[in-house]
1. 222 nm [θ] for chain A, helices only, -39500 (n - 2.57) per DSSP H run of 4+, per residue, to 500?
2. Looking only at region B:186-211, which residues have a backbone nitrogen under 18 Å from a spot 7 Å from the Cα of B:Asp109 in the C-beta direction?
3. So what's the projected area for region A:101-317, the Cα convex hull averaged over all directions, in nm²?
4. Contour minus end-to-end for A:Glu344 and A:Ser5, with contour as 0.36 nm per residue of separation and end-to-end as the Cα-Cα distance?
5. Please report, for the Cα atoms of region B:28-126, the Rg to one decimal and the Dmax as a whole number; what are they, in angstrom?
6. From the convex hull of the Cα coordinates of region A:11-93, what is the mean projected area in square nanometres?
7. Semi-axes of the equivalent ellipsoid of region B:1-49: what are they in whole Å, largest first, if each equals the square root of 5 times a C-alpha gyration tensor eigenvalue?
8. Given H placed on each backbone N at 1.01 Å, which residues far from A:Leu401 in sequence or on other chains put an amide H within less than 5 Å of it?
Amino acid sequence: MVKPSLKPGEMIDGFRLEQRVHQGGMAALWRVSRAGMTMPMLMKVPIIAEGADPAAIVGFEMEQMILPRLSGVHVPKFVAAGDFEVQPYIVMERVPGETLLPRLPELPLPYAQVADLGLKIADALDDLHRQHVIHLDVKPSNIMFRPSGDAVFIDFGLSHHDQLPDLMQEEFRLPFGTAPYMSPEQLLGIRSDPRSDLFALGVLLYFFSTGVRPFGESETMRGMRRRLWRDPVPPRQLKPDYPHWLQEIVLRCIEIDPAWRYPSAAQLAFELSHPGQVKLTKRSERLNRDPLATVLRRRFNKGITRSITSVPTSKHISAAPIVAVAVDLDGSTLLNDALRVTAERILATLPSARLACVNVLKLGRITLDFTLDEEGHNKQIDRLVALRHWAEPLKLDNHRLTAHVLEAVDPANAIIEFAQANHIDHIVIGARQNSLLRNLLGSVSAKVAAEAPCTVTVVRPARTGETSQS
Amino acid sequence: MLIAVFADIHANRQAFSACLAQARDFGAVRNVFLGDYVGYGADPEWTVTTVMDLVEKGAMAVRGNHDNAIGNSRERMNVEAQIVIEWTRGELGAAERRFLEQLPFTCRDDDRLYVHGDASSPESWRYVTSVGDAARSMIATLAPITLCGHVHRPALYTMSATGKMTGFTPVTGSAIHLLPGRRWLAVLGAVGQPRDGNPAACYVMLDTKRRELTYCRAPYDVEEAAARIRNKGLPSWLAERLLVGK
């Protein structure tokens, strides 16, 4: 049976308890060591006593199921788990440093810092969602940062894995989460929408940039439910210098209807890393909350809450890819037309997909390059204009389209790095037709196809009579 | 130990062969059969002799309602099932019929209970299709893990130490850790007549050491299995439904 209390120096399955570092209501955290292992480790031991919160046990069970299946820099590495019949525990990597919680006295933080935090957390959420997990308790005390800057989520006790039974779902009829960060759909008992995490991140960004929690701290059901119809005060009312693009992003994250938020964490990360290209809608200008009539309509029209449906996490992500098209503006029209046709086909089937048009401004290896050409035109701007012109026939909403000019010595490397940094799901690139140039420079598309971290489509113009050979 | 568990083979030779081969490739060292070897399909004799042979070599098998109907004309079934059972009686030899008549209703192996349907009353052939059904079945046994079939649609149920129930539709190929400290009831999909919209044959692999359960799908020559049903003059709906998994 479970021992009543653990003491330093005690051994559990080869792990030596060194020091208790945290004692919470649901679990205790111990620093542990094991012969032959150098990685700093933590042991989480749930409190299972008479009258203990049953959520503690179920949350611990969920974590026991989920953590071993996760990998990568954004989660603590799983080491071992102990059964409930003997001594329940989970041993995991001890991530160095602090959570975001001790930073609350510093709020509000500078806008650039908030955007940077948001980008790192959105990157981590994207990785988590791709591993089928929705965290459902994104808040300052559950987020840490590695020395590399990567965000790490801790505590998966409230999480949902779309390939595992959701023990929380049936166990508790009341919603579980942290009141200020809980999304409207979570309040309605829906635990399977990854955009709930984007809502929580939006709350965090609002809080960190204004010092005010958008939906207050009420923990009563009545108080929490207000967010189903009452929109928060726009940040620009609280801080007149609040950037339009940041208000656009933050308010879009905390939209009541998940369908009005970003379709994926990767797309949110993309916006946070390209603030200059955020499409500024009415949202970005708002200084006041919605008028009473609108609020009342939402209050008594259940339309919005009814439209919240449950779709598996993996479907959400695969329906909202970021597609990058590498356009060679000096290349043949035929090829660029073929690229557009391919892009159009991909976008037609996926209404949540977005397109990043990329062009590489090649720099000389030795010569000094100037961004202004001989006539004094800014090459960057010229190319951005040309990229948008290329994309114009696609008739894409600005939400779904961005243009990027990368300056680089090696075009293939620049495209690969862009794809890595921006979580691109699919690269569309043209094959260079001029064989002499290809012989001299090597094939960019071949290198991208070989080394890119995602799917690559290499496009060639349709064969015409003169190029076909016997 | 890796155990392959099969339910509702229903005389579908093509589906059963595909599952056995796939499970062997995955490293299964023991086979368990949860009943309904006959009925609906066109190869009852081959199926029953194959199961008999495997039982001889250490496999475990329990009885299903269609198996029970072979020697018991009072077993009530729908019209199509009844037609096939009458035809099947004329296909099976004495040894095969005796094998089916002597099968146990349940079988216990370590912490696992094998049964065709609801374990609270194995001879009533009740379906487990809801958390309520699953709770009734679990409360009636002491086994931490129950495996059953009969429904032809995969589902997994679990009961916490405090008696709270959770139901879940398993995802093919995704191993689920059967946490100790709770009780589990796995309803298998069918080998020989899947009804969850996916025509591929369904079975499970259980890793007893890691306590992990994986629902597997084996694609097979559905057209051939359907053609054989038609060739034997059995109701054509039984052939058509295989093609769509309904």
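Read-outs: derived from the displayed coordinates by stated rules, not from any lab. Every value quoted in this text rests on a predicted model; they were computed, and no experiment measured them. As a convention, Cβ positions derive from the backbone with ideal geometry for all residues, glycine included, and neighbour counts pool all protein chains shown.
1. Numbers: 18 runs with 165 residues, N = 470.
Only helices count here, giving -10000 deg cm²/dmol.
2. Correct set: B:186-191, B:202-211.
3. Numbers: hull surface 46.9 nm².
The orientation-averaged projected area of the Cα hull of region A:101-317 comes to 11.7 nm².
4. Numbers: separation 339, 0.36 × 339 = 122.04 nm, distance 6.32 nm.
Net length gain for the segment: 115.7 nm.
5. 13.2, 39
6. Values: hull surface 22.9 nm².
So the Cα hull casts an average projection of 5.7 nm².
7. Working: eigenvalues 81, 24, 11 Å².
Value: 20, 11, 7 Å, ordered largest first.
8. Placed amide hydrogens put A:Leu355 under 5 Å from A:Leu401.
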